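Undergrad: I'd like to ask you about the structure that follows.
The values are calculated or read from the model by the stated rules, or taken from the named source; none is laboratory data. What you are looking at is a predicted structure, and each value in this text was computed from that prediction instead of being measured. Here Cβ is always computed from backbone atoms with ideal geometry, including for glycine, and neighbour counts include all displayed protein chains. Remember, those area values only see protein heavy atoms, side chains included, never the ligands or the DNA or RNA. Shrake-Rupley method; radii C 1.70, N 1.55, O 1.52, S 1.80 Å.
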Amino acid sequence: MNKNKRIQSNIKPTADIHIDRAIASICALFTFILLWLTHDAIGFTRDEGYYFKAARLYWGYFEAIGTHLTHFEPWHIFTKSEIDQHWSYNHEHPVLVKSLFAMSYGILHNVSGLLNEATAIRLPAWIFSACSAYWLYHLSRIKLSKTLAVSAVLLWVSMPRVFWHMHLACFDIPVCAMHIFLVLTFWRVLNRQQPWWMFAVAFGLGATVKHNILVAPFVLLFFAVRHRYVFFYLKRPFESLKCMPKMWWGLITISPLIFLAHWPYLWPNPLGRIAYYLGFHLSHEHYPISYFGDLLVAPPFPILFPFVMSAVTIPIPTLLMICCGLSVALWSMFTHRRSTSQYGYAKRQRAFESLLWLNGLFPFLLIALPNSPIFGGTKHWMNGLPFWIVFALIGLQYVLQNRKLHVVVTLCAIGAQIFAVTEVHPYGLSYYNTFVGFERGAAEIGLQRTFWGYETRALMHHVSAHEQKYWVFGDTNTDDMLAYYRSGLIDKKLKLKWKPHSTHHSFVQPQGEFKELFLDMLDHYPTTGFHDWTHIHGVPLAVYGERPLQ
Amino acid sequence: MIVASIASIRCRLKHRDLAPTDADIQTAQTILAQSCQSVSANETIPLTTFPSFSLTPLIQSPIDVPFLPSDGLEKIKTLQHNQYCVWVEQDGQTAFQHFYEQHPEYEREILVDTHTVDVFLLRKQEPIRSFSFRTQFSQAAVRRVPTKMYHVKRQPLVPITCPYKKNKFDCRGKGFSKLPKKQRRKENWKQVQLGRKHVTTNGWPVIEMSSDHEYDTEITFPIPNSKDLQELKKLVIQYGFVRGQYTFPQSPTRISVFIDDQLAKTIEEEPTFDFKEIQIPWIATSKTLRLIISSADKKPQHFAFDAFLVGPSS
């Protein structure tokens, strides 16, 4: 097939494009509305506390812009003092998402009063979730029917832990969305459906969300060389560079500019501050995690950690589909390797499959490295999951030729996931599958039950019932407590203590790194003082205890 | 995959029913309050739960009971109490049955039999008398004894006597309070503490004491002169290393047990997350028990133990 034919074969009829856009938009809208309707029961997580504070501080900069412009002093916006005043906080993460949190907070809460603070700040994260659904549909459509593409979106959105993360004002789902967008753009650019610079823009935007994506270009370059989209000669590296397609040059020129431009904190000292940013994540602290009864606190961590955790937190039907997709891909790789021409349709389809599994695999491999920081959560390789879902459905399409059967199988898998979500919401982070006996089985074998201290939300009414200011809140931090206070869930600003024996009211997560606090509570509080708890099917997530004043 | 989906939903429905219902909890708690009240300060009836993560009976518990997680009980051979109240949820039945079979010296009586919760009373067939060294903690003497004469900076090393305050012996030394806050936090391991620690997945009441390459840590318990103690035949030491958020040192820890200044037993253990037990014959006339912890590692090992004497009840 010559080059022109190759390009033509990728172009869909305009009507089809419009239908796809419409369906993808409906998926996105559905996701957004679903998140809005279900977010209220989820408490504020530890990191959200920081981002709520960041949003308020960063909004100050946008207000300052307005002030300086009205005073005809625009240069003040760029002064180090002005920048550091507003952007110094939480400068270990890029600020695209946090800036959106800030603007949403400022416009929808602070200025107009349309939404409460938490809803306003979480809203941009839901938009990213909706975008993930939109882009995943389009990515799926490269090789799947419309029905299966919608199934891919539903499988993604209804995965219990993913669904839970989608609610939060954090970066984990936004980076998943940007990873899908990057791969989709990459494929489209390779196939001349989009201009070359779009790839650089996609990567630049991805990098402004979270550092997880910084490794992606290396994976994509490996893919491009492997599938001969880029030719690289080890003996003639300079010639190879000269022949390098523009999209790669864009990556090292346009993307860094986008990154630099989006983050005012970098402007006074770009190199020094970028070095700090990268250094911070290269030597990130380890967050302890319960793993089969032991608490992992320092490397070397088990290499199988992300794979085992995925095997027990992805619903079984979906996991089976992923395994099926993998088997089909392996079979196809060995049986059809030499049967098609270099630029044939089948060749390109197999290339797409390898693009999927490469992007699905690398987030897992990064965490699997024995010295990678263990942050604990499955969220750290969650950006690999959308690619595995598409991969799973491609496998299904190979195995079952009957389209009606596709629908039945995917509906069953989606149904099982939705049922699981309804069972665990709003504690979706505690979800485990049948392999370990769900949440109770996981607790019994000593797997982490929860993270981030959001479980205390349902117990907040106890705070207003007492006058004391000194409380222990385990994993729920001061910024979360301030957010609860501002949102009216508690009636006073609390002073947080660390050890239960130092106060008379404690909320503690009786597991993982907070187990010691709970043990302290057992030592110093009478068992008649354990008044309330949050639990999931009898597995305690947070316990509220009172000890009598002496 | 269709079968997997249906099975998945079915299993989840079953899983939902494993948690005790509110009505059953209330019934079981009422009986607990009646049957598991401690007889006296010396004769308490601890409550334990199967599965070990369950805290259900503690929430809005009508009585104050000493609570012992069952994963700790499963790890040890010698049980200290004559009676245990056992709260068994549906998915804890197998583990409880196994535990019961491991302790044929106990007979069980069912107190509550509801659909989702059973409550048993385990009673020792031949009652025992025990003497816990944890209850004598405040009477003990704790010292840090130098392992060598001089510090690397050629300062002579002297033994440090640790004063007692609120369930702790403070071995951090005189200059401690002048140290900066961060440094002070690093020195906290030098306290010998009584309390529940993370030596098993769900914690266990122990005494935590650590040593380093410069100092051994030594604790000496005086034995009261009491007729009650004369029939106690066995010293039981249950020990492990506190996991918390610590990383364990590479070198082994040596635990030396002295009874009346005579070395009774020495063991070397690699610090790992495990809880073990040793038994040593006890002579009724013994006056002191001393434990010395030593290690060649700079890092503290967060050793923790529980020790008690046990024998037949007269």
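Undergrad: Considering segment A:463-493 alone, what residues qualify as being buried (at least 17 other Cβ atoms within 10 Å of the Cβ) and in contact with a His (Cβ under 9 Å, 6 or more places away or on another chain)?
TA: Listed by number, the residues that qualify are A:VAL463, A:TRP471, A:VAL472, A:LEU489, A:ILE490.
Undergrad: Inspect segment A:65-82 for any residue being within 28 Å of A:THR450 (Cα to Cα) and of a type outside the set (A, V, I, L, M, F, W, C) and give the result as yes or no.
TA: There is no residue in segment A:65-82 that is within 28 Å of A:THR450 (Cα to Cα) and of a type outside the set (A, V, I, L, M, F, W, C).
Undergrad: Next question. For segment B:232-274, which residues satisfy the criterion of being among the acidic types (Asp, Glu) and assigned to a loop (DSSP other than H, G, I, E, B)? Before you say what the answer is, go through the steps one by one.
TA: Of the residues in segment B:232-274, the ones among the acidic types (Asp, Glu) are B:260-261, B:268-270, B:274.
Result: B:ASP260, B:ASP261, B:GLU270, B:ASP274.
Undergrad: Answer yes or no as to whether B:ILE2 is at the interface with chain A (Cβ under 10 Å from one of its Cβ atoms) and among the aliphatic types (A, V, I, L, M).
TA: Numbers: at the interface with chain A (Cβ under 10 Å from one of its Cβ atoms): yes; among the aliphatic types (A, V, I, L, M): yes.
Yes; evaluated as a whole, the condition is true for this residue.
Undergrad: Which of the residues that make up segment B:52-80 are in contact (Cβ under 8 Å) with a residue 24 or more places away in the chain, surrounded by fewer than 18 Cβ atoms within 10 Å (Cβ to Cβ) and touching a Pro at 6+ places or on another chain (Cβ under 6 Å)?
TA: Listed by number, the list holds a single entry, B:PRO66.
Undergrad: Report, by residue number, each residue of segment A:182-205 that is crowded, with 23+ Cβ neighbours inside 10 Å and aromatic (Phe, Trp, Tyr).
TA: Within segment A:182-205, A:PHE186, A:TRP187, A:PHE199, A:PHE203 qualify.
Undergrad: Return the residues of segment B:12-51 that are within 7 Å of chain A (Cβ to nearest Cβ) and open to solvent by less than 50 Å² (accessible area, probe 1.4 Å); say none if nothing qualifies. Outline the logic, then answer.
TA: Pass one, segment B:12-51, residues within 7 Å of chain A (Cβ to nearest Cβ): B:12, B:15-16, B:18-20, B:51.
Of everything in segment B:12-51, those that are within 7 Å of chain A (Cβ to nearest Cβ) and open to solvent by less than 50 Å² (accessible area, probe 1.4 Å) turn out to be B:ARG12, B:HIS15, B:LEU18, B:ALA19, B:PRO20, B:PRO51.
Undergrad: Here is a further query. With A:TRP59, A:TRP87 as the choices, which residue is open to solvent by less than 60 Å² (accessible area, probe 1.4 Å) and either farther than 16 Å from A:LEU482 by Cβ or free of Cβ contacts under 8 Å to residues at least 24 places away in the same chain (or both)?
TA: On the way: A:TRP59 fails: either farther than 16 Å from A:LEU482 by Cβ or free of Cβ contacts under 8 Å to residues at least 24 places away in the same chain (or both).
Of A:TRP59, A:TRP87, the one residue that is open to solvent by less than 60 Å² (accessible area, probe 1.4 Å) and either farther than 16 Å from A:LEU482 by Cβ or free of Cβ contacts under 8 Å to residues at least 24 places away in the same chain (or both) is A:TRP87.
Undergrad: Considering only segment B:64-98, how many residues are of a type outside the set (Ser, Thr, Tyr), under 22 Å from the mean Cα position of the chain (by Cα) and within 14 Å of another protein chain (Cβ to nearest Cβ)? Full working, then the answer.
TA: Narrowing segment B:64-98 to residues of a type outside the set (Ser, Thr, Tyr): B:64-69, B:71-77, B:79-83, B:85-93, B:95-98.
From the residues that got through so far, the ones that are under 22 Å from the mean Cα position of the chain (by Cα) too are B:64-69, B:71-77, B:79-83, B:85-88, B:92, B:95-96, B:98.
Subsequent filtering for residues that are within 14 Å of another protein chain (Cβ to nearest Cβ) retains B:64-69, B:71-72, B:74-75, B:85, B:87-88, B:92, B:95-96, B:98.
Number of matching residues: 17.
Undergrad: Taking segment B:275-297 only, how many residues are in a loop (DSSP other than H, G, I, E, B) and touching a Ser or Thr at 6+ places or on another chain (Cβ under 9 Å)? Spell out how you get there, then give the answer.
TA: Taking segment B:275-297 and keeping what is in a loop (DSSP other than H, G, I, E, B), we get B:282-287, B:296-297.
When the remaining residues are screened for being touching a Ser or Thr at 6+ places or on another chain (Cβ under 9 Å), the result is B:296-297.
Total meeting the criteria: 2.
Undergrad: Here is a further query. Pick out, from segment A:394-469, the helices (runs of 4 or more DSSP H) lying fully within it that include 1 or more residues that are in contact with a Pro (Cβ under 9 Å, 6 or more places away or on another chain), within 14 Å of chain B (Cβ to nearest Cβ) and touching a residue at least 24 places away in the same chain (Cβ under 8 Å). Break it down stepwise before answering.
TA: Values: elements: A:403-424, A:438-444, A:461-464.
The helices (runs of 4 or more DSSP H) meeting that bar are A:403-424, A:438-444.
Undergrad: Please count how many residues of segment B:174-225 are part of a helix (DSSP H, G or I) and either within 13 Å of chain A (Cβ to nearest Cβ) or crowded, with 21+ Cβ neighbours inside 10 Å (or both). Please lay out each step first, then the result.
TA: Filtering segment B:174-225 for residues part of a helix (DSSP H, G or I) gives B:174-178, B:181-186, B:188-190.
Among the residues that remain, those that are also either within 13 Å of chain A (Cβ to nearest Cβ) or crowded, with 21+ Cβ neighbours inside 10 Å (or both) are: B:185, B:188-190.
Result for segment B:174-225: 4.
Undergrad: For A:VAL543, which of the numbered conditions (1) within 11 Å of chain B (Cβ to nearest Cβ); (2) buried (at least 22 other Cβ atoms within 10 Å of the Cβ); (3) touching a residue at least 60 places away in the same chain (Cβ under 8 Å); (4) closer than 16 Å to A:ARG457 by Cβ fails to hold?
TA: Here A:VAL543 meets the rest and fails (3).
Undergrad: Among the residues that make up segment A:511-519, is at least one of them crowded, with 19+ Cβ neighbours inside 10 Å, away from chain B (no Cβ under 14 Å) and more than 30 Å from B:THR135 (Cβ to Cβ)?
TA: No: segment A:511-519 contains no residue that is crowded, with 19+ Cβ neighbours inside 10 Å, away from chain B (no Cβ under 14 Å) and more than 30 Å from B:THR135 (Cβ to Cβ).
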